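The values are calculated or read from the model by the stated rules, or taken from the named source; none is laboratory data. Worth saying up front: this structure is predicted, and the values here are computed from it rather than measured. Cβ atoms come from the backbone with ideal geometry, glycine included; neighbour counts cover every protein chain shown. The protein model used for the area step is the full one, side chains on, heavy atoms only, and it has no ligands, DNA or RNA in it. Shrake-Rupley method; radii C 1.70, N 1.55, O 1.52, S 1.80 Å.
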Amino acid sequence: MKEKWISFLKRNYIPLLFFLIACAMESTSVFVTGGQWAIQKPWFFLSLFLFFTALQYLIPSNKGRHIFSCIVLLLLFAVDIVFIVLYEMTGTIFDFSMLNLRSDAMAILESIPINFVYVTVSGLLLSSFALFGKTFAEPGRLTLPKVRVPVIAFMTLSLLFCGGTLHITALGADQAYQDPEDKLYAETAEGYVAMGIVANFLTEMYQSTMDKIEIGDVDEITDFIYEETSSEEVPLFGAAEGYNVVTILAESFEWFSFVRNLDLYPNGHAVDDAVLRQLYPNLYEFCSSSYVMTNFYGREKTDISENLSLIGNYPLDYYLNYDYPENNLAYSLPQTLKTLYDVDSYSFHNGTESFYNRNDYLVDAVGFKDFIPSEDMVGDKMTNYFLDGERNLDSEMLEACKEQMFPTDRRFNTYITTITMHGRFSHRDNLQPYYDILERYGIYEPEEVVSVDDPALAFYHYAAAAMDFDKALGIMMDYLRDNDLLDRTLIVLFADHSVYYQSLTNYVKDIYPVEDPENASELYHIPFFIKIGDQKEQVLVDKFCCTADILPTTLSLLGIRTYSNLYYGNSVFAEEESVLYSRAYDVFITDKLYFKTLHNITWKDERADDAYMAAVERRCLRLMKKISYVSRLFAADYFTGENLTLFQNNLKALNSL
């Protein structure tokens, strides 16, 4: 018996090693992205690589099997490393719609973080297999394999059929809880731990051929839209009635960019407040004379944060800017102001025009009269930062475009998306004046760093970038004040997300999301300010709020009543709190909770008692119901023809116009 086993191993060592190494590589990829080695639903990966293993029995030589195995393992290595890099850069697992972002994502890379653990382990396994497999595959070294075509053909087809059946069955089960309300209770694993990288990739390819949203009865959508209206009883309703509107989405803006707090930001600014007030004078002035949302959270990518502040919602499972670029979004802020008051809206961004498909989507769907990217801005200092590695300066954008942004002869709605604080963070020539100022105050570039991606070094460059944003804010405030516009302008300033590049937020806040992070939600605690006219005093608002609350708050301050089922959030001045559901990361967040589903809670504050959990569950169910209807609304391109006319007439009637 022993001799038979030895003979079997000699004949079949390449297929066996191939299968074991493939499993080891995939387990390593799951470990580096999910913190555990085991895949919870491994059947599709196993059946796929058993299929490749079985195919080798049709090859009559060890050398041929070795070449085939090396090719397949190299492909596995390439697929895994691509999606590991994507995960470590964005924090999200791959879904097929991301292919829409491929040119955008590659354009912003200044360096590619390669995971050392995966490359080392898988590289050693691959190279060992290639080296020793080739040695033993030489003619005469071992017994030649036997090929039995009927048996192997049967094994191969059986493996493929069983694996495919299991996988399609699993997909059907997954599709069964695609109703957003059911997602709240689903028993799911985090990230790639569920199926592994390869299976997730193939699953997404398969699901991309399916309609993920069933439109159903359109009359139900109509009933849902007009079911509920916003209230005039909300505090500060109409406080900015008739005002101009300026909304600023500040890329990667964090409190620690200009605030020193060693308890919250132990690795942030070390200099005292007096120095920081010199470095960031305009941020301090703005903060001291506005409503400050001290409990604001955001965890989305820029395009989703931008949309939430413009239209107040986002469909499930799709990338709005690419999948619905021509849908009429009649309830957006630009379209609402146009319908009610004939106000023209303009959007400005000092990035390139095609990034996130803004040049088409913002005009055709959202309703801006024009979108002005860096290519169309006045002046010769704007660059294509994709090509030369520099971020355009926010201060240069404001200086070049302030007259367009803030016209003196009409009411305006201006949306500004900044870019200087966008990562990745390294030395930039156009930030040299700010490096000089930092040095003047005794703040120097760290000398002892591990690599160019060291977060201590990244924070130094980020601080310089924040100084330019501060300068841009000053240019805007001076222009509004000098032209008598400030006292009748509503200014909304918020961050799109934390600084995930180079794990800077984790480093500064000293919070690293491991198996049980102490306070996962704090990673996404970012700034949000509202300044109503020539406001002189600071007012702190400590209610939990999120990016979805920005548009309902803006509309309420402007004295505009709306159909509230279209918007995921609430006015920050209303009693009702929201729940943050992140489309990009598929998580729920409050200031006391961070969870994938109610059966998979990552972090829970001790103050989250039973009454709080029941209230959060109620708010989540209401939100997921809205998401379900809004997703159907987008799939149906609802606001066309009679539906558009009905909405516009109803909106005017609701506001007594």
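Quick notes on this one:
- Of the residues making up segment 408-463, those that are part of a helix (DSSP H, G or I) and touching a Ser or Thr at 6+ places or on another chain (Cβ under 9 Å) number 8.
- For beta carbons closer than 9 Å, sequence separation of 6+ or different chains, a first residue in segment 424-437 that is over 23 Å from Y500 (Cα atoms) and a second that is aliphatic (A, V, I, L, M) and surrounded by fewer than 20 Cβ atoms within 10 Å (Cβ to Cβ), the qualifying pairs are I437/I443.
- Residue under evaluation L279, criteria (1) of a type outside the set (F, W, Y); (2) closer than 29 Å to L557 by Cα; (3) touching a residue at least 40 places away in the same chain (Cβ under 8 Å); (4) crowded, with 20+ Cβ neighbours inside 10 Å, criterion not met: (2)
- Residues considered: F68, F94, F77, F83. Of these, the only one that is surrounded by 17 or more Cβ atoms within 10 Å (Cβ to Cβ), at pLDDT 60 or above, under 18 Å from the mean Cα position of the chain (by Cα) and more than 26 Å from I419 (Cβ to Cβ) is F83.
- Restricting segment 468-490 to residues that are in contact with a Gly (Cβ under 9 Å, 6 or more places away or on another chain) and open to solvent by less than 10 Å² (accessible area, probe 1.4 Å), the residue that is farthest from Y297 (Cα to Cα) is L486.
- Scope segment 406-431; condition modelled with pLDDT under 95 and open to solvent by 10 Å² or more (accessible area, probe 1.4 Å); matching residues: H422, R424, S426, H427, D429, N430
- Matching residues in segment 526-540 - criterion: being open to solvent by 20 Å² or more (accessible area, probe 1.4 Å) and assigned to a strand (DSSP E or B): I532, V539, L540
- Verdict on G298 being more than 27 Å from K402 (Cα to Cα), modelled with pLDDT of 95 or more and buried (at least 23 other Cβ atoms within 10 Å of the Cβ): yes
- Scanning segment 278-291 turns up no residue that is over 26 Å from L480 (Cα atoms) and modelled with pLDDT of 95 or more.
- For F588, the test of being open to solvent by less than 30 Å² (accessible area, probe 1.4 Å), touching a residue at least 12 places away in the same chain (Cβ under 8 Å) and either assigned to a loop (DSSP other than H, G, I, E, B) or closer than 18 Å to Y226 by Cα (or both) is failed.
- Annotation: L523 fulfils all but one of (1) more than 21 Å from T336 (Cβ to Cβ); (2) at pLDDT 95 or above; (3) in a helix (DSSP H, G or I); the unmet one is (2).
- Against the test of being acidic (D, E), open to solvent by 60 Å² or more (accessible area, probe 1.4 Å) and within 25 Å of F544 (Cα to Cα), the options E606, E642 yield a single qualifying residue, E606.
- Top-ranked residue in segment 438-453 [being in contact (Cβ under 8 Å) with a residue 24 or more places away in the chain and not hydroxyl-bearing (S, T, Y); ranked as least open to solvent (accessible area, probe 1.4 Å)]: L438
- Members of segment 315-348 found to be farther than 18 Å from L557 by Cβ and either hydrophobic (A, V, I, L, M, F, W, C) or open to solvent by less than 10 Å² (accessible area, probe 1.4 Å) (or both), listed by number: P315, L316, L320, N321, L329, A330, S347, F348
- None of D272, D303, D263 is buried (at least 22 other Cβ atoms within 10 Å of the Cβ), closer than 26 Å to N506 by Cβ and without any contact (Cβ under 8 Å) to a residue 60 or more places away in the chain except D303.
- Hey, Y524 under 18 Å from the mean Cα position of the chain (by Cα), under 25 Å from L493 (Cβ atoms) and among the aromatic types (F, W, Y) or not: yes
- Beta carbons closer than 7 Å, at least 6 apart along the sequence or on distinct chains, pair a first residue in segment 635-649 that is touching a residue at least 60 places away in the same chain (Cβ under 8 Å) and at negative phi with a second that is of a type outside the set (S, T, Y) and loosely packed, with under 15 Cβ neighbours inside 10 Å for A636/V218.
- Single condition N307 does not satisfy, out of (1) more than 15 Å from L551 (Cα to Cα); (2) under 20 Å from the mean Cα position of the chain (by Cα): (1)
- Residues of segment 241-260 satisfying the condition of being of a type in the set (D, E, K, R) and either more than 20 Å from E445 (Cα to Cα) or open to solvent by less than 60 Å² (accessible area, probe 1.4 Å) (or both): E241, E251, E254
- Output for segment 563-575, where each listed residue is in contact (Cβ under 8 Å) with a residue 40 or more places away in the chain and not in a strand (DSSP E or B): S564, N565, L566, Y567, Y568, G569, S571, V572, F573, A574
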